[in-house]
Amino acid sequence: MAEASSGTGDFQTLVWESKYRDMPRSGPPERSVEDSHRRIAGAVSSVEPRDRGIWESRFRAILKDYRFLPGGRILAGAGTDRTVTLFNCFVMGVVEDSIPGIFRALEEGAVTMQHGGGIGVDFSTLRPRGTRTKGAGTVASGPVSFMELWDAMCGTILSTGSRRGAMMASIRLDHPDIVEFVLAKQQPGSLRHFNLSVQVTDDFMTQVKKDGEWLLVFPSSNLDGGGETVHREWSGSSGPVPCRVLRKIRARDLWNRILDATYRFSEPGVLFIDRINGMNNLWYRERITTTNPCGEVPLPPYGACDLGSINLTQFISSPFSPRARLETERLVETVSAAVRFLDNVIDLSRFPLAAQAEVVRKTRRIGLGITGLADALVLLGIGYGSPESLRWASEAMETISRAAYRASISLAREKGVFPVFDRERYLEGRFIRELPPDIQDGIASYGIRNSHLIAIAPAGTISLLSGNVSSGIEPVFSPLYRREISLESGAAREFILRDYAVRLFQEAKGKADSLPPAFVSGPELPVRAHLDMMAAVSPFVDNSVSKTINVSESIRFEAFREVYDLAYSLGLKGCTTFRPNSTTGQVLTPFTPGEDAPHCCVLDREPD
């Protein structure tokens, strides 16, 4: 039987106790969230060269009322006596195409997950099934077979009580095992700990439109024999390499296979990889091929996610009234403190691997995002998906992004630029060229502390901690819904949760069943509204945006496939959809009083 909850009180306490409370090996345990905030602010300010007390006070202030929500690993690990990383996720190094190389990569993944980090892995470097190696002549079993090793490793690490269980696997669309990869999770029980994404190039999308031929290839240096070759940039290579053509197929047939799998099983997602690299601030020194498990931070090998979210609901004054507005000045002040906070995390954190520490400290990438967007819109009286909501979200994101860049320039003046900053080439970046003149001039004069600053993460668990605000930029699913939380003991408890904005409205009006006039539930929204919201905020995001495009079970395949074409045409860096059906189930289950619906989802694989 589910326990009733408004999204505060017992449920918040349980989330804090099971996910973020410090229970030191010696000394008393934390007794409240305020204790956690003191621990975190003290630890993060400890790396300041001066004025530590001032910064500890400022950090506590933005944590206290949930204006700023650091990533879950920061909440759980900062200032504790445990050997854990404060980074949510990592992209692992290049997987060498050899048995020793594969098992070295597997060990690195295991060590990283043991420390509390989720991982992303590009498996494109592994030879396709059935090919023979040059020299030894052994027959390859293909990347999907080795992915099973990672999946088993993840399950084992998770069973020991690790906080993380999420992994991302990606592969190139021209890898000969692409179809096997696309279908991999359709086997019962297969690859349960992986999210899957395919790397979609501009050339492929052109060939789909033209109904052209598509070559499936692999680097010749790793294959025995001869045959037709072409030159391709390849994962793990610094430039184009000779690749053997192993098969030729119609691009449109492959695209339909991918979309059919996604329609029926909600995987794989797609990464528009050329756009990701073309918009990368470090375009001059990185080639990105994959992302963290939820897709909001495309990363180079051994890169990491340093995440936090601005809770927009805490910056709306006079909610549910004609005077409701965004408190821009308070928002900018909070963003500035949050950038400094996340920059400090880089110096405070431990790293599972030395290679990760090196990459992170050279680039000082951070990912400041937003959560509570849908609830903020409700407080303002604006319907999610309306033209006004798109304008408001775009303007709010622009304010945050610009404030973050200005804060990072100020930090560069005080503490120095990130070590691999190249002033001239950095200023040539496509994203940087779109910044206001004062920011470009500031970078030219003083440099910048962090190579990247903005990423919109799902922020699921931290949004629950802050009173069940809507997560990330997702719409509110339902006024009431069921949610299950896993306890440290392995048991689970189920709650009936009330949306944050709905609860505030009902308390203000004294009516337990009333809804705010602007309330819109996710299932009511057309697909285009989801894509338009992503497109509205994306121009101000230098990393990426994690959002799931929820579609109805009844949507026809012809309409479903247009979602991906539209995502590409809108300039998005990737796309993930979810269509509930008998195979995938439902992520969330609405609750109606008197109804005994099954639970909806668990928090085990939340990215925070």
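Table for the structure above
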{"quantity": "Cα centroid separation, region 347-385 to region 517-544 (Å)", "calculated": "18"}
{"quantity": "Low-density loop cleavage sites - GluC sites (Glu not before Pro) in region 413-478, where at most 14 other Cβ are within 10 Å (DSSP)", "calculated": "428, 434"}
{"quantity": "For region 365-406: rounded, prolate or oblate by the Cα gyration tensor [a/c cutoff 1.5]", "calculated": "prolate"}
{"quantity": "Cut-off 20 Å, label 7 Å out along Cα→Cβ of residue 438, residues of region 402-416 by amide N", "calculated": "402-414"}
{"quantity": "Net +/- balance of residues flanking residue 214 in space, Cβ distance below 10 Å, scoring K and R +1, D and E -1", "calculated": "0"}
{"quantity": "Per-peptide average of other Cβ atoms within 10 Å, ordering 567-580, 208-221, 376-389 highest first", "calculated": "376-389, 567-580, 208-221"}
{"quantity": "Sequence of 89, 305 once ranked by neighbouring C-beta atoms within 10 Å, starting from the fewest", "calculated": "305, 89"}
{"quantity": "Size of electric dipole in the chain: Cβ of Lys, Arg +1 and of Asp, Glu -1, about Cα centre, debye, nearest 20", "calculated": "680"}
{"quantity": "Unit charges on C-beta of K, R, D, E only; dipole of region 370-425, Debye", "calculated": "280"}
{"quantity": "Quotient of C-alpha Rg and 2.2 N^0.38 Å, computed over the chain", "calculated": "0.94"}
{"quantity": "Ranked 147, 92, criterion: other C-beta atoms within 10 Å, fewest first", "calculated": "147, 92"}
{"quantity": "Dipole-positive endmost among 15, 235, 477 within the chain (Cβ charges, Cα centre)", "calculated": "235"}
{"quantity": "FRET efficiency, residue 556 to residue 391 (Cβ-Cβ, R0 30 Å, nearest 0.05)", "calculated": "0.45"}
{"quantity": "Charge-dipole axis of region 489-571 as Lys and Arg at +1 and Asp and Glu at -1 on Cβ define it, positive-most pick from 529, 563, 510", "calculated": "510"}
{"quantity": "Cα-centre dipole for region 59-104 with unit charges at Cβ (Lys and Arg positive, Asp and Glu negative), debye to 20", "calculated": "340"}
{"quantity": "Label point 7 Å beyond Cα of residue 26 along Cβ direction - residues of region 60-93 with amide nitrogen under 17 Å", "calculated": "80-83"}
{"quantity": "Length gained when the stretch residue 323-residue 202 is fully extended (0.36 nm per residue, less Cα-Cα span)", "calculated": "39.0 nm"}
{"quantity": "Burial ordering of 394, 57, 36, fewest other beta-carbon atoms within 10 Å first", "calculated": "57, 394, 36"}
{"quantity": "Long-range HN-HN contacts of residue 290 with modeled amide H, under 5 Å", "calculated": "299"}
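Here, each number is a calculation from the coordinates, and none is a lab measurement. As the structure is a computational prediction, the values presented were derived from the model and not from experiment. Heads up, the Cβs are rebuilt from the backbone with ideal geometry, glycines too, and the neighbour counts pull from every protein chain shown.
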